[in-house]
Amino acid sequence: MDFSITPDQKAFRRSVAEFAKLELQGDVRARETSGEFFWDGWKTCAEFGIQGMPMPEMYGGLGLDVTTCLIAMQALGRHCRDSGFLFSLNSHMWTCEIPILDFGTEEQKSHYLPRMVNGSLVGGHAMTEPGSGSDAYSMRTTAVKTNAGYVLNGSKVFISNAPIADVLLIFASTDRDLGWAGITGFLVEKDNPGLHVGKPLSKIGLKTSPTGELTLEDCFVPESAILGRIGQGSAIFSAEMEWERSCLFACHLGAMQRQLDECVQYAKDREQFGEPIGNFQGVSHKIADMRVRIELGEMMLHKVAWMKSRGKRAPLESAMAKLVVSEAYMASSIDALHLRGGYGFMSEYEADRDLLDAAGGKIYSGTSEIQRNIIARFLGL
Ligand SMILES: Cc1cc2nc3c(=O)[nH]c(=O)nc-3n(C[C@H](O)[C@H](O)[C@H](O)COP(=O)(O)OP(=O)(O)OC[C@H]3O[C@@H](n4cnc5c(N)ncnc54)[C@H](O)[C@@H]3O)c2cc1C
């Protein structure tokens, strides 16, 4: 396996980094306080081509391979502090756009993808319910066949982008007796009668990413709203999770690199006992560990990208990478706060954002325990 990246990938990473430094800044704290979505960022990202990175040119995308997308997401995570905004971007791309590309009909692709790429439509996906999270396929939302289509009833919770989404990939059971094999995905638009979107939920982290609840009350959708085949929902969900568990967590690796850069600088600048604190092994070893975590996470994510770019599935590798990167982000966020002593605890240094976002990373896309369960299953346990 070759870990080197091409001159084109390096150049693209540089341009994404420059773009993020220039266009994706602003007052993140103010947006966090107001809960305002970074619409200007969304539009400039679309103009730059971010939402279209993995999309074929025929839909207006850049047609980039998985590794290049991953490298770009890492650069965004490093240079854009609005991690909630990046989270929304990731949800849109990997849990709605990619499933439409991979499982949609030509009609669905040409209807949705060009507008998802140019930023006029926001997407999300809805699997989790009040009574089913980790045990996702025990969902209660049903889709009952009628003459002309399906009628959906149920409720969904913790849905990223729900308050701002134009189109949602909603999973429902078309046959509860079949369990996971009876789950089907439907593309439902926000003004579809019977779909009610709740108010944004108040979260402790990722505050600039709007999250909401959905209620489906006799929500009729035509057959043309089915994504893939009836009963193919779990396959769609597994495939999209491979993307999310690699590219979203590449953003976290980028954030870890930013933490590292800042901690190295702080350890050089801050003096105690007449010398820079970086001279103390207790401090420098913490920073060395932060560096090692990035290296490890990078190798694991690049392996997933390498497999996917060869058309291989990577359910085990993406679960392992998600587990390692999410736990590493948490550990580095604690270290980055601690290393600054009392200053780390002051809001000015914004260590709370990384810490709370990292806490979320151990929950969404399947909790750490669920990733371990997946890994154990591959070992026959
Ligand atoms: C910021 C954020 C964004 C999200 N965005 C979306 C979204 O866009 N769409 C969507 O559908 N969902 C979304 N989710 C939901 C997320 O996928 C679920 O929260 C997650 O899967 C956990 O489900 P739960 O919250 O019901 O917890 P539970 O499943 O109730 O788990 C509670 C605890 O029990 C543990 N546990 C459960 N089962 C087992 C087991 N078998 N073995 C060991 N431990 C176990 C869990 O690890 C956890 O610690 C989001 C969540 C967050 C926090």
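The values are calculated or read from the model by the stated rules, or taken from the named source; none is laboratory data. Note that the structure is predicted; figures quoted are calculated from it, not measured. Virtual Cβ from ideal backbone geometry, glycine too; neighbours counted across all protein chains shown. For accessibility, only protein heavy atoms count, side chains too; no ligands or nucleic acids. Shrake-Rupley method; radii C 1.70, N 1.55, O 1.52, S 1.80 Å.
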**Asked** Which pairs break 20 Å Cα to Cα here: 109/190; 21/268; 207/362; 207/322?
**Response** 21/268; 207/322
**Asked** Once amide H atoms are placed 1.01 Å from N in the peptide plane, what residues at a sequence separation of 5 or more from residue 126, or on another chain, have their amide H within under 5 Å of its amide H?
**Response** 169, 170, 171
**Message:** Below 11 angstrom from the Cβ of residue 227, what's the summed charge of the other residues (Lys, Arg +1; Asp, Glu -1)?
**Reply:** 0
**Asked** Dipole magnitude of the stretch 237-378 about its Cα centre, charges +1 at Lys/Arg Cβ and -1 at Asp/Glu Cβ only, in debye to the nearest 20?
**Response** 760
**Prompt:** From the residues 349, 160, 9, which one has its Cα farthest along the dipole of the chain in the positive direction, the dipole being from +1 and -1 charges on Cβ of Lys/Arg and Asp/Glu about the Cα centre?
**Reply:** 9
**Prompt:** For residue 270 and residue 238, FRET efficiency with R0 = 35 Å and r from the beta-carbon atoms, rounded to 0.05?
**Reply:** 0.15
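Multiply the residue gap between residue 295 and residue 230 by 0.36 nm, knock off their C-alpha separation, and tell me the result in nm, one decimal place.
19.3 nm
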**Asked** Roughly how tilted is helix 83-92, in degrees to the nearest 10 and between 0 and 90, from the longest Cα axis of the chain?
**Response** 30
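For the stretch 259-308, what class follows from the C-alpha gyration tensor (a ≥ b ≥ c being the square roots of its eigenvalues): rounded when a/c is under 1.5, otherwise prolate if a/b is larger than b/c, else oblate?
The shape class here is prolate.
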**Request:** With a 1.4 Å probe and every protein chain kept in, tell me what percent of the accessible surface of the chain is carbon plus sulfur.
**Result:** 55
**Asked** So what's the angle, to the nearest 10 degrees on a 0 to 90 scale, between helix 106-117 and the longest Cα principal axis of the chain?
**Response** 30
**Prompt:** Nearest 20 debye, what's the magnitude of the dipole of the chain about its Cα centre given +1 on Lys and Arg Cβ and -1 on Asp and Glu Cβ?
**Reply:** 600
**Asked** Between the stretch 179-203 and the stretch 79-144, how many Å separate their Cα centres?
**Response** 10
**Fill in**
Yeah, the stretch 237-378 with a ≥ b ≥ c from its alpha-carbon gyration tensor (a/c under 1.5 is rounded, else prolate when a/b outruns b/c, oblate otherwise) is prolate
**Asked** Among 131, 274, 49, whose mean-square fluctuation peaks in a Gaussian network model of the chain (Cα, cutoff 10 Å)?
**Response** 274
**Complete:** Of the candidates 26, 99, 120, the farthest towards the positive dipole end of the chain (Lys/Arg Cβ +1, Asp/Glu Cβ -1, centred on the Cα centre) is 99
**Message:** How much accessible area per residue does the chain have, counting only protein heavy atoms and a probe of 1.4 Å, in square angstrom?
**Reply:** 44
**Nearest-ten-degree value, helix 315-339 long axis tilted from longest Cα axis of the chain** = 40
**Fill in**
Taking only Cα atoms of the stretch 125-176, the Rg to Rh ratio with Kirkwood Rh works out at 0.99
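To the nearest 500 deg cm²/dmol, what mean residue ellipticity at 222 nm is calculated for the chain from DSSP H runs of n ≥ 4 alone, each contributing -39,500 (n - 2.57), summed and divided by the residues?
-16000 deg cm²/dmol
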**Prompt:** Given H placed on each backbone N at 1.01 Å, which residues far from residue 53 in sequence or on other chains put an amide H within less than 5 Å of it?
**Reply:** 62
**Request:** Enumerate the calculated ³J(HN,Hα) couplings along the stretch 368-381 in order (Karplus 6.51 cos²θ - 1.76 cosθ + 1.60, θ = phi - 60°), each rounded to whole Hz, writing x wherever the residue is Gly or Pro.
**Result:** 4, 5, 5, 4, 5, 4, 4, 4, 5, 4, 5, 9, x, 9
**Request:** Set the Förster radius R0 to 22 Å, insert the Cβ-Cβ distance between residue 218 and residue 176 as r into 1/(1 + (r/R0)^6), and round the FRET efficiency to 0.05.
**Result:** 0.80
**As computed over the chain, the Cα convex hull volume per residue (Å³)** = 141
**Request:** Name the long-range amide H neighbours of residue 212: under 5 Å, sequence gap of 5 or more, or other chain; modelled H, no Pro or chain starts.
**Result:** 158, 159, 160, 161, 162, 201
**Request:** For the chain, with a Gaussian network of springs between Cα atoms less than 10 Å apart, report the residue from 25, 371, 257 with the top mean-square fluctuation.
**Result:** 25
